[in-house]
Amino acid sequence: MTAGSTEMSGIESSEKDEMAGKTLYDKLWDAHVVRTDEEGTSLIYIDRHLVHEVTSPQAFEGLRLADRRPWRTDTVLATPDHNVPTTDRSRGIEDPIARTQVETLDANVAEFGITYFPMGDVRQGIVHVIGPEEGATLPGMTVVCGDSHTSTHGAFGALAHGIGTSEVEHVLATGCLVQKKSRNMLVSVDGKVGPGVTAKDIVLAIIGEIGTAGGTGYAIEFGGEAIRDLSVEGRMTVCNMAIEAGARAGMVAVDEKTIDYVKGRPYSPQGEQWEQAVAAWQDLKSDDDAEFDRVVRIDAAQIAPQVTWGTSPEMVVGVDARVPDPAGESDEVKAGGMRRALEYMGLEANRPITDIAVDKVFIGSCTNSRIEDLREAAAIVKGRKKADSVRLALVVPGSGLVKQQAEEEGLDRIFLDAGFEWREPGCSMCLAMNADRLESGERCASTSNRNFEGRQGQGSRTHLVSPAMAAAAAIAGHFVDIRDFG
Ligand SMILES: CC(C)[C@H](C(=O)O)[C@@H](O)C(=O)O
Ligand code: SF4
């Protein structure tokens, strides 16, 4: 796509488009468009549909009422995650609403013949962790789920985004989704990050730079040396939060790391099909002459470990900074928002971030609950103890398989010996929907992705950080610069 192509008409335009380079997003889009109407609304084919208990009940009910069956069932994968208990599960789910939600999903998948990882199955976990883990998320796919953080799967060079409940029903029934194409944006993180700076810090810094509306109307491709240097799991963390930058989707080009990651997983192609797939995936990158509607460049070397101080992911600074002062903000509307956020967060302007004490620590969520995240946190915790002032340090693996892997590596012992809690997989304290939540006024260092008012419990205060930074805060009792935390 070229910047001027939309102004051209008829044959000239299509000739031009063929000549011009395509972005990764253009390629994924073009490969899935079934039809586009005169107003530019398209029907796109969906390769993978992930389903969880919160946004699916009405969709299944809709199918039932219309006497429809899913278009395909082999493309759909379901698991309960938001409302499952993370403590001892032998007594089932005690909360009646949560129990109904999970039992409804149990019944729906059985009725409609959908592959299911129920509670108790080692493969159960957060949808955005288990899709890639199973190889159900593959390069070149379109992936949807009734969940905003579906952007995570874009890390594989896939077009992945959240959909609403009525769309869940539509995709189940037809295998297609009505969409308008977004504009192309490139966020290039150039050069190398310094020590202690992780994927989470990169994405928080990006959101700090472009704002939570910076990606509105765009599909963002993350590129540049610092993104290429990330592991596939790190890229998932970055794409996970593309939605917090307002974007429709986030994605990263396919490379050898992507291919190595998906190889040999249960849903991955095998044998000859594998060779064919790998050959096809080589093209899943933007062409050298592709043009983006917007390009943002960020110098990786300038990124410090990040901590959010406010009630939006864009309210973020380096851990070596001070709490921003609204008095220094010339935009009155912005200054007002800052004052309100500081008041809610119970913070004084100009205080060093490292002075902020935390009550609880949460290491988990679809942003940071994969094995590398747990290793990163465990490396900090090893041989140390949780500060007495920290009431709870919770470690919640993203899936049963992540939990199993971590236990094989002895990570659970490291956390338990330090006074942390080691839980069963699920969304847990990421959102105040299940039993894991903060009390009013409590302050949490959290590896999740949202920090708005009450997100982790009514009146709760959330600071978004990386797993290493959360672990260090649990040990010290307040935020510390991980770079000084030998
Ligand atoms: C419950 C679900 C619809 C929601 C989402 O879509 O994001 C949740 O996962 C969240 O993170 O707030
Ligand atoms: S872990 Fe949090 S952000 Fe991710 S799907 Fe669950 S509730 Fe949503």
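The order of the peptides 353-360, 389-396, 190-197, 33-40 by mean Cβ neighbours within 10 Å, most packed first, is 389-396, 353-360, 190-197, 33-40.
Lys and Arg at +1, Asp and Glu at -1: add these up for the other residues within a Cβ distance under 15 Å of ALA304 and post the number.
Values: positive: LYS192, LYS200, ARG322, ARG483; negative: ASP201, GLU209, ASP299, ASP320, ASP481, ASP484.
Neighbourhood net charge equals -2.
Going by amide H atoms built from the backbone, whose H comes under 5 Å of the H on PHE362, apart from near neighbours? Answer set, sorted by chain and number: LEU394, ALA445, SER446, THR447.
Rounded to 0.05, the FRET efficiency of the ASP320 and GLU408 pair, given R0 = 51 Å and the Cβ-Cβ distance, is 0.90.
Measuring r between the beta carbons of ASP121 and ASP299 and using R0 = 41 Å, the FRET efficiency lands at 0.40. Residue-wise HN-Hα couplings along segment 411-423, as the Karplus relation 6.51 cos²θ - 1.76 cosθ + 1.60 with θ = phi - 60° gives them from phi, are 5, 4, 5, 4, 5, 5, 4, 8, x, 7, 9, 10, 10 Hz; Gly and Pro carry x. On the basis of the beta-carbon distance and an R0 of 41 Å, SER90 and GLN273 show a calculated FRET efficiency of 0.50. Karplus-derived 3J(HN,Hα) values for segment 266-282, using 6.51 cos²θ - 1.76 cosθ + 1.60 with θ = phi - 60°, are x, 8, 5, x, 10, x, 4, 5, 4, 4, 5, 5, 4, 4, 5, 6, 4 Hz; glycine and proline are entered as x.
By DSSP, the beta bridges lying fully in the chain are antiparallel in about 25 percent of cases.
Were the residues from ASP67 through ALA280 laid out at 0.36 nm apart, the gain over their Cα-Cα distance would be 72.9 nm.
Got the relative contact order for segment 319-390 handy, in percent, Cα pairs under 8 Å and 6 or more residues apart? Before the final figure, lay out the partial values.
On the way: 41 pairs, mean separation 23.0, N = 72.
Computed value for segment 319-390: 32 percent relative contact order.
Counting only DSSP beta bridges with both residues in segment 353-486, the antiparallel share comes to about 5 percent. Measuring between their Cα centroids, segment 109-138 and segment 206-240 lie 26 Å from each other. The mean sequence separation of alpha-carbon pairs under 8 Å and at least six residues apart, normalised by the residue count of the chain, gives a relative contact order of 17 percent.
If I take every Cα pair under 8 Å that is 6 or more residues apart in segment 399-486, average their sequence separation and divide by the length, what percent do I get for the relative contact order? Numbers along the way, then the final one.
Numbers: 111 pairs, mean separation 16.0, N = 88.
Answer for segment 399-486 is 18 percent.
Annotation: amide H of HIS478 within the under-5 Å range of VAL358, sequence separation 5 or more or interchain, hydrogens built in the peptide plane. Amide H contacts of GLY162 (H built 1.01 Å from N, in plane; Pro and chain starts excluded): THR150, SER151 sit under 5 Å, all sequence-distant by 5 or more or on other chains. Please give me the summed charge of the neighbours of ILE259: other residues whose Cβ is under 12 Å from its Cβ, Lys and Arg +1, Asp and Glu -1. Summing Lys and Arg as +1 and Asp and Glu as -1 gives -1. With all pairs of separate Cα atoms included, the chain yields a Kirkwood hydrodynamic radius of 22.9 Å.
Here the 3J(HN,Hα) profile of segment 41-55, calculated from phi with Karplus coefficients 6.51, -1.76 and 1.60 at θ = phi - 60°, is 8, 10, 10, 10, 7, 10, 8, 9, 10, 9, 10, 10, 6, 7, 9 Hz, Gly and Pro shown as x. Other residues with beta-carbon under 14 Å from the beta-carbon of GLU225 carry, at +1 per Lys or Arg and -1 per Asp or Glu, a net charge of +1. A crude spin-label estimate for the pair ASP355 and VAL333, with each label 7 Å from Cα along the Cβ direction, gives 3.2 nm.
Every number in this text was worked out from the coordinates using simple rules, so none of it is lab data. Here the structure is a predicted model, which means the values were calculated and not measured. No Cβ is skipped: glycine too gets one built from the backbone with ideal geometry, and neighbour counts run over all protein chains shown.
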